[in-house]
Amino acid sequence: MFTRTLRALRPLSAVQPLKMASRHYSAKNTTKKIRNIGIIAHIDAGKTTTTERILYLSGTIKHLGNVDEGDTTMDFLPAERERGITIASAATSFNWNNHTVNLIDTPGHADFTFEVIRSIRVLDGAVCILDGVAGVEAQTEKVWKQASEMGIPKIAFVNKMDRAGAGFGRTVKEIVSKLRTRVALLTVPVFSKSSDQVFEGVVDILNGCVITWTTGGDGKQTVVVPVSEASAEVQEEYQKARTALVETLTELDEELVEKFLESEDYMQITTEDIKRALRTATINNDIVPVLCGASFRNIGVQPLMDAVVDFLPSPAERPPTDALIAKSYTGGKKSKVIPERAITLDDSMKNLCCALCFKVVQDPQKGTLVYVRVYKGELKQNSVLYNTTSGTKDRVSRLLKVHADTTSEVTSITEGNIGVILGSQGLATGDTIVCHSIKKDGVMKLPPDNRLIQLKPIAVPPPVFFVRIDPASIGDTRPMNEALELLLREDPSLNVSFDDETNQTTLSGMGELHLEIAQNRLIEDFKANIVIGPIIISYKETLNEPTKSITKTVEPEPGAVSTVRLRLEPITEMDEACENENVIDHEQNTVSFPYELFDADLESVGEGNQRISFERDTKELTPEIMEECFRVGSIPPLVSCGPVCRLPLRSVRVVIEAWHIAQHINNTASLKTATRLAIMEALSTANATLMEPIMNVYVSVNEADIGLVVKDLSGSRNGQIVSIMDPSQLNEGDIHSEEYVAMATNTYVPADYTMYLSKHQDQTRTQQSVVHARVPLREMVGYLKTLRSMTQGRGSFTMEVDQYEAVTPDKIQPIVDSIFA
């Protein structure tokens with residue numbers, strides 16, 4: 001047995017302190033030496049604590065911060081330090097084993113899900129932190145699903161193994177059954193032989209050693225013992241784990257099968273062969289490496305850092321970046337539409353630099369910081385950018401490398417890297433930017449198609465909670481609007497609307513905490529002098545029955561006549577017919593535009609029994625152009641002209657029956673106006689009602705608290721109880737889920753020595769149930785406080801929108817009164 005630093009024993013973990021003053025962004029690294037990773041997890045699983053240890057062990061920071069003391073590096077916002085939670089994703093870079101790792105620490109609270117979405121969008125890999133006591137939790141499943149939908153390879157780290165009630169084996173089986181994946185155990189826990197079974201370290205399955213950490217140390221001093229010198233019990237566990245690891249990999253790797261057949265002994269397979277097969281399987285999303293530790297006690301973090309470098313992909317190992325060449329039009333009178341088409345960014349696009357803006361931050365000292373991921377080429381200082389999303393040009397004045405809330409200036413951001421553009425006022429989240437990789441002023445010399453490239457946008461979830469915001473005085477109106485504009489640039493999941501009739505401004509967001517943080521930022525950071533109303537719900541309106549046909553004619557100048565005839569009707573269900581219609585917005589409104597209108601001249605009886613000809617006079621106006629015209633013309637009235645409360649319309653079909661444009665008109669502006677006016681008139685006499693969001697609510701509680709929770713949900717909150725079940729039954733009946741439950745049963749895991757040390761932990765773990773209910777969102781405002789009171793702080797819940805449903809007649813008037821209050 002001997003003691004030394006872990007990095008001295010294992011050169012793959014050699015520490016190279018990050019030189020923050022470097023003028024070149026990873027100039028010495030090829031793309032293969034880059035890892036873009038994110039830390040994802042349920043709230044309080046230990047994301048920020050783990051990140052803090054990673055930065056300390058890599059030499060990036062010299063002092064270990066503490067979440068409870070509010071001095072961690074990555075949680076630098078005042079609200080984060082005050083509440084002890086991550087609110088905004090934070091980025092940093094560090095060096096480990098001669099690799100550059102760009103790391104993003106994401107929030108765990110469900111209200112900040114957009115921060116997770118936009119971070120995952122630019123990642124190549126993710127580390128999912130799990131609480132070894134709680135196991136796979138609701139938000140764990142959600143962020144895992146988000147990463148899986150984007151094809152992100154993952155590593156799992158079972159944290160808090162020092163806690164009473166921690167169960168590594170149980171958590172691993174939950175990873176398999178709930179997150180639906182194969183696993184590869186790279187480390188398993190080691191406990192002291194005392195009666196307390198204290199967590200001391202890990203067995204490194206790949207490198208064949210037992211690593212223990214000095215109690216109370218900073219994580220750098222370790223004791224490393226070859227497995228051959230460990231106890232017989234540890235040797236037996238090691239052989240089981242390594243055999244299971246190789247056995248699992250042989251199901252995925254033919255070359256490893258051949259290696260096994262040479263000796264027919266799993267233990268004879270070399271570490272190099274295992275690492276090669278495991279790396280390939282991880283990158284292909286066929287398996288998830290699993291490690292364990294206790295970040296707060298500085299145990300097990302270095303093996304996790306090694307795994308990030310060894311098994312997560314570089315940008316070069318990810319699938320080619322998908323993009324679109326946006327729809328365009330040829331010039332002249334005989335203009336025609338060139339439809340959008342899918343492409344991939346490849347080496348044939350010479351001299352192209354293409355990047356995605358994934359985050360905008362307003363820094364009080366530095367100004368606007370635009371975070372970008374470069375997918376192709378090299379972004380250089382002073383280059384002229386072309387924003388393909390907005391069609392505008394801008395010049396890069398300065399480029400930065402970011403470490404949490406500190407920065408250092410660089411001359412370029414190379415392909416595959418993440419950095420910051422300083423001072424650009426025209427860029428927003430989701431924008432695609434292109435420039436010339438070599439000539440700083442050469443963007444307009446790129447092929448025309450290059451200036452139409454658009455990367456996959458960042459999806460923004462629709463908001464469900466609202467608050468009214470008013471200036472404290474008339475003089476505060478302009479500063480309030482400017483502050484809101486800055487806030488929305490930072491967080492596109494917030495939305496602001498203004499009602500011209502009532503002169504009221506409404507701010508909407510993902511949840512109560514989300515809006516609370518937004519309000520604090522407006523007041524504290526942007527110094528807005530505002531008055532904030534109570535939380536209100538995202539109600540919508542819909543039609544009870546179809547409207548009559550409305551004909552509208554617009555003549556902006558003599559002879560320039562545009563006419564449209566349309567009707568509105570409710571969509572009772574988004575069926576196959578809707579899939580062929582032009583979807584207007586995320587409210588499931590559509591435009592039904594029969595293409596047969598182009599096949600024949602039509603006549604119709606208009607107002608006053610006059611016959612109106614609806615012939616297609618202008619051949620340049622293609623069906624695609626006309627369909628887009630009617631879609632754009634429909635948006636304003638459907639957003640703000642609901643006949644009940646002027647709320648947005650939902651599940652409404654705009655049926656275009658006929659149209660006419662004068663012969664000499666080559667654009668659709670006047671027809672858009674006619675469409676808007678016709679819809680407004682149709683809505684003015686429409687038979688409409690209110691719709692409200694119905695939430696799928698999942699409440700995790702002890703069996704002793706089920707009665708109170710069910711009574712509250714089904715009684716005072718007007719909910720419908722769908723089921724009460726064990727957490728393992730959430731996906732019951734799903735064939736794939738049953739497959740992974742069976743796989744979990746057969747997955748090797750070590751014994752959980754500490755799982756039942758605490759009677760309290762045993763009870764809270766084994767007797768927990770999930771109450772699934774469907775509840776109107778209006779009844780869930782303030783629910784967390786009530787739940788904590790009913791369960792002595794032990795209950796938790798998640799919810800998501802199931803669907804919008806019509807409000808019952810007896811509830812309509814009280815809701816209308818509250819809206820206009």
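Here are the numbers for the structure shown:
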item: Residue in region 350-361 that is without any contact (Cβ under 8 Å) to a residue 12 or more places away in the chain and within 23 Å of N450 (Cβ to Cβ) present; result: yes
item: Residues being closer than 18 Å to L649 by Cβ, in a loop (DSSP other than H, G, I, E, B) and aliphatic (A, V, I, L, M) - total across region 513-560; result: 0
item: Top-ranked residue of region 248-291 - restricted to ones that are at pLDDT 95 or above and among the basic types (K, R), ranked as farthest from T49 (Cα to Cα); result: R276
item: Residue within region 188-205 that is at pLDDT 95 or above and polar (S, T, N, Q) present; result: no
item: Residue count for region 718-747, restricted to those that are at pLDDT 85 or above and under 20 Å from V775 (Cα atoms); result: 7
item: Candidate set from region 511-530 (those that are of a type in the set (A, V, I, L, M, F, W, C) and buried (at least 17 other Cβ atoms within 10 Å of the Cβ)); member that is nearest to P463 (Cα to Cα); result: L515
item: Lone unmet requirement of (1) in a loop (DSSP other than H, G, I, E, B); (2) without any contact (Cβ under 8 Å) to a residue 60 or more places away in the chain; (3) crowded, with 22+ Cβ neighbours inside 10 Å for L385; result: (1)
item: Scan of region 125-169 for residues that are of a type in the set (K, R) and touching a strand residue (DSSP E or B) at 6+ places or on another chain (Cβ under 6 Å), ordered by number; result: K154, K160
item: Residues within region 773-813 that are part of a strand (DSSP E or B) and of a type in the set (S, T, N, Q), tallied; result: 3
item: Counted residues, region 210-225 - those being under 28 Å from I287 (Cβ atoms) and either of a type in the set (S, T, Y) or free of Cβ contacts under 8 Å to residues at least 40 places away in the same chain (or both); result: 3
item: Residues (surrounded by fewer than 19 Cβ atoms within 10 Å (Cβ to Cβ) and either out of contact with any strand residue (DSSP E or B) (no Cβ under 9 Å at 6 or more places or on another chain) or at pLDDT 85 or above (or both)) located in region 581-591; result: D585, H586
item: Filter result (part of a strand (DSSP E or B) and under 17 Å from L55 (Cβ atoms)) within region 292-307; result: I299
item: Residues located in region 401-413, provided they are closer than 15 Å to S383 by Cβ and surrounded by 24 or more Cβ atoms within 10 Å (Cβ to Cβ); result: I413
item: Single unsatisfied condition, V133 versus (1) part of a helix (DSSP H, G or I); (2) touching a residue at least 24 places away in the same chain (Cβ under 8 Å); result: (1)
item: Filter result for R170 (within 21 Å of F311 (Cα to Cα) and surrounded by fewer than 24 Cβ atoms within 10 Å (Cβ to Cβ)); result: no
item: Residue in region 41-56 that is crowded, with 16+ Cβ neighbours inside 10 Å, in a strand (DSSP E or B) and at pLDDT 80 or above present; result: yes
item: Residues located in region 39-62, provided they are of a type in the set (A, V, I, L, M, F, W, C), touching a residue at least 24 places away in the same chain (Cβ under 8 Å) and touching a His at 6+ places or on another chain (Cβ under 9 Å); result: I43, L55
item: Residue that is surrounded by the most Cβ atoms within 10 Å (Cβ to Cβ), among those in region 207-232 that are part of a loop (DSSP other than H, G, I, E, B) and out of contact with any strand residue (DSSP E or B) (no Cβ under 7 Å at 6 or more places or on another chain); result: N207
item: Some residue of region 314-336 being crowded, with 24+ Cβ neighbours inside 10 Å, part of a helix (DSSP H, G or I) and either in contact with a strand residue (DSSP E or B) (Cβ under 9 Å, 6 or more places away or on another chain) or polar (S, T, N, Q) (or both); result: no
item: Some residue of region 112-119 being of a type in the set (F, W, Y) and part of a helix (DSSP H, G or I); result: yes
item: Qualifying residue in region 607-628 (condition: surrounded by 15 or more Cβ atoms within 10 Å (Cβ to Cβ), among the hydroxyl-bearing types (S, T, Y), in a loop (DSSP other than H, G, I, E, B) and at pLDDT 90 or above); result: no
item: Some residue of region 231-243 being among the aliphatic types (A, V, I, L, M) and in contact (Cβ under 8 Å) with a residue 24 or more places away in the chain; result: yes
item: In region 414-442, residue surrounded by the fewest Cβ atoms within 10 Å (Cβ to Cβ) [restricted to those that are among the polar types (S, T, N, Q) and part of a loop (DSSP other than H, G, I, E, B)]; result: Q425
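Listed here are the residues, each with its yes/no results for (1) farther than 18 Å from P226 by Cα; (2) without any contact (Cβ under 8 Å) to a residue 40 or more places away in the chain.
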{"position": "E149", "(1), (2)": "yes, yes"}
{"position": "I155", "(1), (2)": "yes, no"}
{"position": "R170", "(1), (2)": "yes, no"}
{"position": "K173", "(1), (2)": "yes, no"}
{"position": "V188", "(1), (2)": "no, no"}
{"position": "V198", "(1), (2)": "yes, yes"}
{"position": "V203", "(1), (2)": "no, yes"}
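Per-residue answers, yes or no, for (1) in contact with a Phe, Trp or Tyr (Cβ under 9 Å, 6 or more places away or on another chain); (2) at pLDDT 90 or above; (3) closer than 24 Å to Y748 by Cα:
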| position | (1), (2), (3) |
| --- | --- |
| G217 | no, no, no |
| S231 | no, yes, yes |
| K240 | yes, yes, yes |
| V246 | yes, yes, yes |
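The values are calculated or read from the model by the stated rules, or taken from the named source; none is laboratory data. Just so it is clear, the model here is predicted, and its values are computed rather than measured. Glycine gets a Cβ as well: all are built from the backbone with ideal geometry, and neighbour counts include every protein chain shown.
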